[in-house]
Amino acid sequence: MASVVIVDDDPQFRAVLSRLLEREPELRIVDEAGDGEASVRSVRETAPDVLLMDIRMPGMDGLEATR
């Protein structure tokens, strides 16, 4: 089973994506984050197999957070 962290500044989009992915038995959503800084903390804490990252966010964008 692959663990997944979802990062997007739009909470509605995160919720929809999470519901869609939860239907897949091979995936487990371990966390969600709403900005780049929170995503860095989340990845350090959860060490997911997959990170779904929005690249355009206010503050620290997804590209900077991924680096």
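The values are calculated or read from the model by the stated rules, or taken from the named source; none is laboratory data. Only a predicted model underlies this, so the values are computations on that prediction, with no experimental measurement involved. Side chains included, ligands, DNA and RNA excluded: accessible areas come from the protein's heavy atoms. Shrake-Rupley method; radii C 1.70, N 1.55, O 1.52, S 1.80 Å.
Could you tell me what percent of the accessible area of the chain is made up of carbon and sulfur, with a 1.4 Å probe and every protein chain present?
Working: 2230 of 4480 Å².
Of all accessible area on the chain, carbon and sulfur atoms account for 50 percent.
What accessible area per residue comes out for the chain, rounded to a whole number of Å², with a 1.4 Å probe?
Values: 4480 Å² over 67 residues.
In whole numbers, the chain has 67 Å² accessible per residue.
Taking the Cα atoms only, what angle lies between the long axis of helix 36-46 and the longest principal axis of the chain, rounded to 10 degrees?
For helix 36-46, the angle is close to 40 degrees.
With an 8 Å Cα cut-off and a minimum separation of 6 or more residues, compute the relative contact order for the chain in percent.
Numbers: 113 pairs, mean separation 27.1, N = 67.
Relative contact order here is 40 percent.
Output the Cα-based Rg and Dmax of the chain in Å, rounding Rg to one decimal and Dmax to a whole number.
In order Rg, Dmax, the Cα atoms of the chain give 11.2, 34 Å.
Could you state the angle between the C-alpha long axis of helix 11-22 and the longest principal axis of the C-alpha atoms of the chain, as a value from 0 to 90 degrees rounded to the nearest 10?
Computed tilt is about 30 degrees.
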